[in-house]
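As structure tokens, the structure follows; a few thoughts come after it.
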Amino acid sequence: MNDFFESESDGLTQAVSVSELNHQLKAVVEGTFPMMWVAGEVTDVAKPRSGHIYFTLKDDDSQIRAVMWRNVASQLRFDLENGQSILCYGGLEVYTVRGTYQIVVRKARPQGIGALQLAFEKLKKRLNAEGLFAAERKRPLPRHPRRVGLITSPSGAAVHDFLVAADDRMIGAEIFVIPAQVQGSGAAETIVRGLRAAAMVRPKLDVVIVARGGGSLEDLWCFNEEPVVRAIAECPVPTVSAVGHEVDVTLADLAADVRALTPTDAATKVFSDRTAIAQRVVDLSRRLERAIRYEVERRQFALESLANHPAMTKPMEIVHLRSRLLDELDQRAKGAIDRRLQQSKSNVSELAATLSALSPLSTLARGYSVTSDLNGRGISNAAELRVGQRIRTRLADGAVVSTVDEIETD
């Protein structure tokens, strides 16, 4: 027992501090590994205002942090983006403050598109060919939704950001939080179930929002999986995708009816500004009041004009006036009729005198006669007659029917 305490005491006198241990590791690592080329896929790129670039270099099984200082980053001939596959030349460095190690990149060359980015582009091209991202499929959001479904993690920052922004804008709306896993294995299945559940809510929802905060391509990958994209495109309710930040574009964003940059932005797109709505209500109320006042005044003026009309103030005067006018018209009509009758009589007398002057009866009265056959055809030439023919002779006071016994010609 005493030997044990003595040996333990000797070990304690030889203990090193954490800083000393990290510095020893720094010396061993940096002295053991020379400068080398490392191939991997870029993710988690961060570009602060300092000009340095921080990112993660990974493959299918492992990853390592990397840093590119400003003097190297400023000479980079391509934009370092998530999903790129690159070759990095540099050396290992131990960050003693945190006890972590990283590659300090001195050179970098693009190698191609990473596996995830390649899968993303391939699926995007195929779904786009099917028309899932077509603009004509996009549905407009209702102006004033009353029932809104939010599919996200109940414990994430997205639900908090959305509810805070919505509370400042919405008026009398209900928000249904539908839990879903938004990252990692199995997340796609929970999002699809959430969309199906949202479609079955009764009374029907007005809008469905799929939301989460930003992240790397790997973190957001569940929103690029085909079942999720198809479930969003087939959702019977207008959809909003609020996944990631402005630089993160997922296939869910392309399939949704509306894309929001963040959950907060989704709230501003779904709910109209409460202040603006209230002001519009006030403006409409004032316009309605002015319109009603104008209509009342117009009708009151019309009523006063009608009340002052002679038909209302002196109704019998109008009756008498109309009676007098009727009598005058009657006298004028009678005078016109008499004048027209006298004119007609005079015209008849003139026509009768003319007819009498032209009538053959006047000639007959002077001793002449008119001969015709029994059919009434006039005979003016003796050659037209034959012996034995019966003829009719018209006299001034009658007619004689006779038979031709002899014909004499000049």
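For the residue pair Thr100 and Ala278, what label-to-label distance in nm results when each label sits 7 Å from Cα along the Cα-to-beta-carbon direction?
According to this spin-label approximation, the distance is 4.6 nm.
Which far-off residues, 5 or more places away or on another chain, put their amide H under 5 Å from the one on Val201, with H placed in the peptide plane?
Result for Val201 returns nothing.
Per 0.36 nm of contour for each residue apart, how much would the distance between Gln183 and Arg146 grow if the chain were fully extended, relative to their Cα-Cα spacing?
Result: 10.4 nm gained on full extension.
Of Leu251, Ala307, Thr262, which is farthest towards the positive pole of segment 246-317's charge dipole, taken about the Cα centre with +1 and -1 on the beta-carbons of Lys, Arg and Asp, Glu respectively?
Ala307
Can you tell me which lysines have their Cα less than 27 Å from the Cα of Lys314? Leave out same-chain residues fewer than eight positions away.
none
Of the candidates Phe78, Phe271, Phe55, which one comes out as most mobile in a Gaussian network treatment of the chain with C-alpha springs shorter than 10 Å?
Maximum among the listed residues: Phe78.
Apply the Karplus curve 6.51 cos²θ - 1.76 cosθ + 1.60, θ = phi - 60°, to the phi angles in segment 199-210 and return the couplings in whole Hz, x for Gly and Pro.
Running phi through 6.51 cos²θ - 1.76 cosθ + 1.60 with θ = phi - 60° gives 5, 9, 5, 10, x, 4, 6, 8, 8, 10, 10, 9 Hz.
Determine ³J(HN,Hα), in whole Hz, for all residues of segment 300-311 in sequence, where each value follows from phi through the Karplus function 6.51 cos²θ - 1.76 cosθ + 1.60 and θ = phi - 60°; x replaces Gly and Pro.
With the stated coefficients, segment 300-311 comes to 5, 5, 5, 5, 5, 4, 5, 5, 8, 5, x, 4 Hz.
Along segment 370-387, what does the Karplus equation 6.51 cos²θ - 1.76 cosθ + 1.60 (θ = phi - 60°) give for ³J(HN,Hα), rounded to whole Hz, x for Gly and Pro?
Karplus-based 3J(HN,Hα) across segment 370-387 equals 10, 10, 8, 6, 5, 8, x, 7, x, 10, 10, 9, 5, 5, 7, 9, 9, 5 Hz.
Going down the table (Lys122/Lys204; Lys58/Lys124; Lys47/Lys107), which pairs top 27 Å between alpha carbons?
Long pairs (Cα-Cα over 27 Å): Lys122/Lys204.
Find which of Gly31, Gly91, Ala46 sits farthest along the positive direction of the dipole of segment 2-113, computed with +1 on the beta-carbon of Lys and Arg, -1 on that of Asp and Glu, about the Cα centre.
It is Ala46.
By its C-alpha gyration tensor, with a ≥ b ≥ c as the square roots of the eigenvalues, how is segment 197-314 shaped: rounded for a/c under 1.5, else prolate for a/b larger than b/c, else oblate?
prolate
Using only C-alpha positions, report the orientation-averaged shadow area of the convex hull of segment 362-403, nm², one decimal.
One quarter of the hull surface, i.e. the mean projection, equals 3.1 nm².
How big is Rg to Rh over segment 261-359, alpha-carbon atoms, Rh as the Kirkwood inverse-mean-distance radius?
Ratio value, two decimals: 1.71.
Calculate the dipole size of the chain relative to its Cα centre from +1 charges on Lys and Arg beta carbons and -1 charges on Asp and Glu beta carbons; express the result in debye to the nearest 20.
2060 debye
Once the Cβ-Cβ distance between Thr268 and Ser19 is put in as r, and R0 is 45 Å, what FRET efficiency do you end up with, to the nearest 0.05?
The pair Thr268/Ser19 has a calculated efficiency of 0.40.
How much mean residue ellipticity at 222 nm does the chain get from its helices, if each DSSP H run of length 4 or more adds -39500 (n - 2.57) and you divide by all residues, to the nearest 500 deg cm²/dmol?
Per the formula, -14500 deg cm²/dmol.
For helix 315-358, report the angle its Cα long axis makes with the longest principal axis of the Cα atoms of the chain; keep it between 0 and 90° and round to the nearest 10°.
50 degrees
If each of Glu317 and Ser50 carries a label point 7 Å out from its Cα toward its Cβ, how far apart are those two points in nm?
Going by the 7 Å Cα→Cβ label model, 10.1 nm.
At 7 Å along the Cα-to-beta-carbon direction for both Arg287 and Arg377, put a label point, then send me their distance in nm to one decimal.
9.6 nm
Net charge near Tyr89, counting Lys/Arg +1 and Asp/Glu -1 over other residues with Cβ under 13 Å of its Cβ?
In short, +3.
Given the chain, what percent of its DSSP beta bridges are antiparallel, to the nearest 5?
Here the share of antiparallel DSSP bridges comes out near 65 percent.
Connecting C-alpha atoms closer than 10 Å in a GNM of the chain, tell me which of Arg169, Arg65, Arg386 has the biggest fluctuation.
Residue with maximal mean-square fluctuation among Arg169, Arg65, Arg386: Arg386.
Pick from Asn308, Asn128, Asn82 the residue whose mean-square fluctuation is largest in a GNM of the chain, springs joining Cα atoms under 10 Å.
Answer for the Gaussian network model of the chain: Asn308.
Coordinate-derived values only; no laboratory data. In this text the structure is predicted, and so the values were computed from the model without any measurement. Backbone-built Cβ (ideal geometry, glycine too); neighbour counts: all protein chains shown.
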